[in-house]
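Values in this text are rule-based calculations from the coordinates and carry no lab data. Just so you know, these numbers come straight off a predicted model, no measurement behind them. Cβ atoms come from the backbone with ideal geometry, glycine included; neighbour counts cover every protein chain shown.
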Amino acid sequence: MLIESHDTDFILNNLLLIVMGKLMVPKAAILLVNYQSNRLKAGRCKGRLPFSEGDSWDPAVKELPYDKSLYSAAELATQLPEIVNSAGFSHYFPIRTSSEHLGYLCISLKAGKREHGPKELEFIENLVIIFSVALSNSFLVGRLKSTNRELDEKVQELNTLFDVSREFNTMVDRSQMLNVFRFTLMGQMFIKKFFLLMCVDKQPFMVVQHGVKGEMNLASKSKLLEMEDECIEVSSLADADPFLTKNEIFALVRVRFQDETAVLGISERMNRMPYRESDYNFLISLGNLAFLSIQKTYLLEERIEKERMEEELSIARTIQNTLFPNPLPKVDDLEIAALNIPSQQVGGDYYDALISGKRYLYTAIADVTGKGIPASLLMANLQAMIHVLSPLQLPLDETTGKVNDIMFKNTPSDKFISFFWGRLDTGTRLFEYCNAGHNPPVRWNQQTQKTELLSAGGMLLGALSTMMPYEQGSFYLQQGDVVVMFTDGISEAMNEEEEEFGEERIAWLLEENHHKSAAEIQSIILEEVRVFCNGNYGDDVTMLILKAE
Amino acid sequence: MSTFSISKKQQESVHILQLHGELDAHTAPDLEQEILKLMDSKCYNIVVNFSTLDYISSAGLGVFMAYIEELRDLGGDIKLTDMKPSVYNVFDLLGFPTLYDIVDAEQQAVAKFINTE
């Protein structure tokens, strides 16, 4: 029965009871050795003893002798702990198998300090041999059981990881994903307070927190994300953030993928079990899975957001296109050509040509600092003003001052507009203009056979409120005269040597080609610029050309 | 995909959830919803019968962990009953028996609730 029993306690108890009953021993104990922990432990004790079951000591366990089947107290005295020596045992029977030392059965003299007879001792020696086998078996079974359980635990952990990864793979909804992560931490690890910190948009961000209160400041969060160990217990941190200590965060686990780091903070477990190394490994694996999947959702959102932005931009582009005159107005004996190539979806360049009061042709060109949406908003603002003001036939210089004051109010301090506009009286051919800081348009004067620059005006729009009045210039647009208005996308287009195309080239091209039509001149200039900068305009490109017939 | 469903019944103050199929990361939110619903309507005595549950994953266990403390603070409890050995094994491996009242039969759990009232 004993041999078959795998219950260690039952075996030890029986051994003691048999020995004590048979030999009438008032004190007996079984000491067990553990080579792994290097300790000698009181397994079972009976009688009045100075130690109790479960106590253990650390003598040189490996040197405890077990060659003989019986030792006297004196023989072992130097090797056993003092407390065992003081217990009053007289005989020590090694419990051993052929290969290992399991411990000692220790007994005192009979009640009344009478000696044991040799037959009696021989009986115990034999008994111990039988028990040794039973005990060894029960230990083996115990070890097998615990190995089995460890295996089961590993299988369970793997199942969990498999389950979670399958789930994460099919999910795109982050909150669902975080729920699974939350449940798994609680269910598998019994963790009731935890958080997962990672970088979102380059900012540290708590993607999930459970059971914790308050916030960690940004500096502490960033510092956590720089942790170098894989696992750190908060108690070993010299300067743990109060958020960690207040929320009883016990350990920090680092999760890393390529250059990105996330930190999983965990409290102690609800079942008070300590974290073993295998638990940390599990947490790292689970953290990794969650980290990757959560990152995936952010990337996906980014892509969707980008697509949405692009769609909005393309709508904005459509709207902006309607702000340019289309078709260009028709005026007798005058050719008009214009073009605009934005470098992004929407741009900050503006040109316009509109007829007002049947007699006047307004032309305008402008360049808003910057590109994209902000520039296009200002451009739309300017366009609206020009369209409201042009029917009033106000003096250009004063009106430019008013436009500047409004623009100054409407724009942040780093946004300006260079602006040129002109008004042609189609009856008298008088061309009045005002240049607010724009690249001076080039005029071909047919009479003098020379080019001249139209620069009368004043400062850029939107930089300062109008203190100096704007000037205006004027001339009669004679037959054969050409005016080329352009933005810096033309004049500042760069070649590979980083030279600018320059206004001189425009003037020179105009001198060469003034006899051609407005549209031809425009194509020639554009083609020259395109070749010059090899198609890399770098900025919005806009031109407006007038030619008197 | 796994199949999972919950049927409900009530016996005096005790609400009994019968779980069917597989409770995993995918189906755990269903159970969470059900428990939240009970808590919202102030039903804190909950028995969960596992007799027709074939599989449970850690995420499934997590749902129980998530609400047990709150329920107990509110004077209630979740008692777990009628587990198949394979399901019990998972609970046991993860150390649930130390934290949860796991009993053999549903009526035993119901009786425990009623007798302590």
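Summary of computed values
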quantity	calculated
Paramagnetic reach from A:PHE123 (point 7 Å along Cα→Cβ, amide N under 20 Å) across the stretch A:75-110	A:90-95, A:105-110
Theoretical gain in end-to-end length, A:LYS145 to A:GLU100 [0.36 nm per residue, Cα-Cα removed]	14.2 nm
Ranked by how many other beta carbons lie within 10 Å on average, peptides A:118-127, B:19-28, A:382-391 from highest	B:19-28, A:382-391, A:118-127
Highest average packing first - A:88-101, A:524-537, Cβ atoms within 10 Å	A:88-101, A:524-537
In sequence order, calculated HN-Hα J values of the stretch A:203-214 (Karplus, 6.51, -1.76, 1.60; Hz; x Gly/Pro)	10, x, 8, 7, 6, 8, 9, 9, x, 9, 10, x
Per-residue average of Cβ from other chains inside 10 Å of A:189-196	2
Cα-centred dipole magnitude for the protein assembly as shown, charges only on beta-carbon of K, R (+1) and D, E (-1), debye, nearest 20	3500 debye
Per-residue [θ]222 nm for chain B (sum of -39500 (n - 2.57) over DSSP H runs n ≥ 4, rounded to 500)	-12500 deg cm²/dmol
For chain A, calculated [θ]222 nm from helices alone, where every DSSP H run of n ≥ 4 adds -39500 (n - 2.57)	-13000 deg cm²/dmol
Cα→Cβ-extended label distance, 7 Å offset, between A:ASP67 and A:LEU453, nm	11.2 nm
Segment A:SER175-A:LEU313, extension gain: residue separation times 0.36 nm, minus the distance between their alpha carbons	46.7 nm
Angle in degrees between helix B:58-73 and the longest Cα principal axis of chain B, rounded to the nearest 10	10 degrees
Two-site FRET efficiency, A:GLU277 against A:LEU299, from Cβ-Cβ distance with R₀ of 30 Å, rounded to 0.05	0.35
Shielding by partners, peptide B:26-36 (average Cβ within 10 angstrom, other chains)	2
Span from the the stretch A:198-248 Cα centroid across to the the stretch B:55-88 one, whole angstrom	30 Å
Peptide A:159-169 - average C-beta neighbours from other chains (10 Å radius)	4
Helical segments meeting 24 Å axial Cα length and Kyte-Doolittle -0.5 threshold in chain A (DSSP H)	A:118-170, A:277-323, A:372-389
Using alpha-carbon coordinates, inclination of helix B:106-115 to the longest axis of chain B, degrees	30 degrees
Förster-model FRET efficiency, 51 Å R0, A:ILE83 and A:LEU225, C-beta, rounded to 0.05	0.50
Protection-proxy order for peptides A:209-221, A:341-353, each taking the mean of Cβ atoms within 10 Å per residue, highest first	A:341-353, A:209-221
